[in-house]
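The values are calculated or read from the model by the stated rules, or taken from the named source; none is laboratory data. Remember, predicted model here, so these are calculated numbers, not experimental data. Methodologically, a virtual Cβ is constructed for each residue, glycine included, from the backbone with ideal geometry; neighbour enumeration extends over all protein chains shown. Each accessible area value is taken on the protein alone, full model and side chains, heavy atoms only, with ligands, DNA and RNA left out. Shrake-Rupley method; radii C 1.70, N 1.55, O 1.52, S 1.80 Å.
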Amino acid sequence: MIDRGRLAELCTSEEQRFIETHPRSGELAAQARGSLLAGVPMPWMTSWPGAFPVYVDEAVGARCTDVDGHEYVDLCLGDTGAMTGHAIGAVADAVRHRAEHGITTMLPSSDAAWVGSELARRFGLPQWQFALSATDANRFVLRFARFLTGRPKIAVMDWCYHGTVDETFAVLDGDTVVPRPGAIGPQVDVGLTTRVVPFNDLEALDRALAHGDVATLLMEPALTNIGIVLPEDGYLDAVREITRRHDVLLVIDETHTLCAGPGGATRAWGLDPDFLVVGKPIGGGVPIAAYGMTQVVADRLGPALHAPDADNGGVGGTLTGSPLGLAAARAALANALREEDFAVAVPLAERWTAGVAGVIAEHDLPWNVQRLGCRAEYWFCPPPRTGADAAAAVDHDLDGFLHLWALNRGILLTPFHNMALFSPHHTVADVDLHTEVFGDAVDALLDT
Ligand SMILES: Cc1ncc(COP(=O)(O)O)c(C=O)c1O
């Protein structure tokens with residue numbers, strides 16, 4: 001249906017337009033190649049569309065301004081890290097205060113217990129710990145789960161993403177667990193560490209856990225890293241029943257599904273995990289993540305951490321739980337990601353979804369758009385039931401074109417997602433701009 005020749009021509013002309021209109025970013029990118037691997041400070045940044053990444057001068061609220069003076073509606077929001085909106089005042093004040101009064105001490109600050117109580121109130125789990133990233137939080141939880149159960153393996157969903165956690169870079173090839181395609185330097189054979197099951201497949205989960213060697217099932221309540229794959233009715237309740245029946249600890253990773261509301265999908269859908277992980281926006285952009293646990297789990301872990309021979313070296317880190325991170329989290333959670341913020345952001349996501357769905361329907365394209373709270377994403381297939389269904393429809397050329405077309409017209413979309421994330425700082429006009437730009441891109445592509 002997509003004319004690949006036309007797509008290639010459009011990509012070339014958009015690329016030309018990007019280079020011509022971003023000279024300062026081009027210069028900075030050329031300089032960076034002298035000292036930075038692949039010209040970027042972090043590998044994911046090579047995935048942005050365009051010959052080089054846009055260099056940001058300022059990011060405030062829902063807007064980014066680049067070094068060439070272009071302003072963008074930011075629908076990426078730092079791939080969720082800035083879901084609060086960029087540079088919110090309360091976080092800036094808290095960070096400034098901590099910078100002047102001590103950033104890191106290896107001792108608790110008074111903000112720590114406030115943040116723990118607030119997370120308990122939001123998510124319903126009573127006991128909390130902190131980490132620097134959601135990756136780390138997941139890693140620590142997996143370690144605790146193996147410790148508690150004495151079992152060696154973990155289970156994850158096919159085509160999941162939970163950060164750079166080695167055991168989770170696993171997918172199914174038929175019935176065999178293999179590294180994700182293109183995985184860089186797998187640490188060990190993932191078949192030794194991990195069982196993988198398709199999302200929305202209860203029989204496969206039951207079979208995988210029946211081996212008796214799985215400590216924990218780590219999952220997002222809806223997949224959000226391969227488009228959005230929503231759970232079928234009753235699926236999550238049945239997952240809980242199956243994990244309990246096999247004495248497997250259930251970890252819900254809410255790092256992205258926090259978009260469902262102030263207490264994530266766990267609160268919105270009444271979930272009952274043993275552990276919960278949340279990261280990215282809870283510090284308003286400052287690196288901090290958290291993991292919560294039930295009282296039953298905490299009662300077993302607490303004494304173990306204090307045992308004379310306990311080695312806590314595998315959990316935590318020197319800068320973890322710092323006064324800086326906790327001050328930022330307190331400011332962010334007190335002033336953002338609240339009911340009243342979602343009350344603004346969710347209707348914007350609904351409007352965006354309707355706009356994209358309208359363009360898809362108008363052209364009768366076999367694409368879909370899914371939404372979860374203030375997050376929405378289009379994908380090049382009918383609504384997928386599993387991660388593998390969604391993975392089969394990945395189309396890098398089409399992604400690249402749509403992202404670059406949007407960027408050249410003032411809209412930032414996250415690379416490797418066709419996702420829009422809304423904050424209370426976005427406006428109806430931002431949404432309508434995207435609908436228009438997306439519609440024009442599809443018109444250009446189909447030559448209509
Ligand atoms: C569901 C989920 N968990 C964990 C992570 C890891 O977060 P971080 O990269 O901040 O460690 C991500 C990152 O995208 C994620 O999507």
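What is the one condition in (1) open to solvent by less than 70 Å² (accessible area, probe 1.4 Å); (2) in contact (Cβ under 8 Å) with a residue 24 or more places away in the chain that TRP44 does not satisfy?
In the conditions (1) open to solvent by less than 70 Å² (accessible area, probe 1.4 Å); (2) in contact (Cβ under 8 Å) with a residue 24 or more places away in the chain, TRP44 misses (1) alone.
Can you tell me which residue in region 262-280 is most open to solvent (accessible area, probe 1.4 Å), limited to those that are farther than 24 Å from ALA327 by Cα and of a type outside the set (D, E, K, R)?
So the residue we want is TRP269.
Give HIS70, HIS86 a once-over and let me know the one that is surrounded by 14 or more Cβ atoms within 10 Å (Cβ to Cβ) and over 24 Å from the mean Cα position of the chain (by Cα). Break it down stepwise before answering.
Details: HIS86 fails: over 24 Å from the mean Cα position of the chain (by Cα).
None of the others qualify; the one that does is HIS70.
Of (1) more than 14 Å from ASP158 (Cα to Cα); (2) open to solvent by less than 10 Å² (accessible area, probe 1.4 Å), LEU217 satisfies all except one. Which?
Going through (1) more than 14 Å from ASP158 (Cα to Cα); (2) open to solvent by less than 10 Å² (accessible area, probe 1.4 Å) one by one, LEU217 breaks only (1).
Which of the residues belonging to region 73-83 are buried (at least 21 other Cβ atoms within 10 Å of the Cβ) and under 15 Å from the mean Cα position of the chain (by Cα)?
LEU75, CYS76, LEU77, THR80, GLY81, ALA82, MET83
Go through region 305-337 and count every residue that is part of a helix (DSSP H, G or I), under 30 Å from ALA87 (Cβ atoms) and open to solvent by 50 Å² or more (accessible area, probe 1.4 Å).
First, pick out the residues of region 305-337 that are part of a helix (DSSP H, G or I): 305-306, 312-314, 323-335.
Checking which are under 30 Å from ALA87 (Cβ atoms) leaves us with 323-335.
Applying the additional criterion that residues be open to solvent by 50 Å² or more (accessible area, probe 1.4 Å) yields 330, 335.
Of the residues in that region, 2 qualify.
Could you say whether any residue in region 281-304 is over 19 Å from HIS256 (Cα atoms), touching a helix residue (DSSP H, G or I) at 6+ places or on another chain (Cβ under 7 Å), surrounded by fewer than 24 Cβ atoms within 10 Å (Cβ to Cβ) and free of Cβ contacts under 8 Å to residues at least 60 places away in the same chain?
Looking for residues that are over 19 Å from HIS256 (Cα atoms), touching a helix residue (DSSP H, G or I) at 6+ places or on another chain (Cβ under 7 Å), surrounded by fewer than 24 Cβ atoms within 10 Å (Cβ to Cβ) and free of Cβ contacts under 8 Å to residues at least 60 places away in the same chain, one finds none in region 281-304, hence no.
What number of residues within region 165-179 are open to solvent by 60 Å² or more (accessible area, probe 1.4 Å) and within 16 Å of the ligand (Cβ to nearest atom)?
Looking only at that region, the number is 1.
Find the strands (runs of 3 or more DSSP E) located wholly in region 1-119 whose residues include 1 or more that are of a type in the set (A, V, I, L, M), and list them.
It comes to 56-60, 71-74.
Please count how many residues of region 135-164 are within 16 Å of the ligand (Cβ to nearest atom), touching a residue at least 40 places away in the same chain (Cβ under 8 Å) and not in a helix (DSSP H, G or I).
Here the count works out to 10.
Can you find a residue that is of a type in the set (Gly, Ala, Ser), closer than 30 Å to ALA332 by Cβ and surrounded by 13 or more Cβ atoms within 10 Å (Cβ to Cβ) anywhere in region 53-61?
The answer is yes; a qualifying residue exists.
What's the number of the condition LEU402 fails, among (1) open to solvent by less than 50 Å² (accessible area, probe 1.4 Å); (2) out of contact with any helix residue (DSSP H, G or I) (no Cβ under 8 Å at 6 or more places or on another chain); (3) free of Cβ contacts under 8 Å to residues at least 60 places away in the same chain?
Tallying (1) open to solvent by less than 50 Å² (accessible area, probe 1.4 Å); (2) out of contact with any helix residue (DSSP H, G or I) (no Cβ under 8 Å at 6 or more places or on another chain); (3) free of Cβ contacts under 8 Å to residues at least 60 places away in the same chain, LEU402 fails exactly one: (2).
Can you go through GLY212, GLY182 and tell me which one is open to solvent by 30 Å² or more (accessible area, probe 1.4 Å) and either touching a residue at least 12 places away in the same chain (Cβ under 8 Å) or within 15 Å of the ligand (Cβ to nearest atom) (or both)?
GLY212
Scan region 233-261 for residues that are more than 13 Å from the ligand (Cβ to nearest atom) and either open to solvent by 30 Å² or more (accessible area, probe 1.4 Å) or of a type in the set (Val, Ile, Thr) (or both) and jot them down.
ASP233, GLY234, ASP237, VAL239, GLU241, ILE242, THR243, ARG244, ARG245, HIS246, ASP247, VAL248
It is to be established whether one or more residues within region 366-379 are open to solvent by 60 Å² or more (accessible area, probe 1.4 Å) and part of a helix (DSSP H, G or I).
no
Results for (1) under 18 Å from the mean Cα position of the chain (by Cα); (2) of a type in the set (Phe, Trp, Tyr), shown as yes or no for each residue.
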site: TRP114; (1), (2): no, yes
site: LEU125; (1), (2): no, no
site: THR135; (1), (2): yes, no
site: LEU142; (1), (2): no, no
site: PHE147; (1), (2): no, yes
site: ALA155; (1), (2): no, no
site: ASP158; (1), (2): yes, no
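Does ARG121 satisfy the criteria of being within 16 Å of the ligand (Cβ to nearest atom) and charged (D, E, K, R)?
Criteria not met by ARG121.
Name the one entry in ALA99, ALA113 that is open to solvent by 30 Å² or more (accessible area, probe 1.4 Å), more than 16 Å from the ligand (Cβ to nearest atom), small (Gly, Ala, Ser) and free of Cβ contacts under 8 Å to residues at least 24 places away in the same chain.
ALA113
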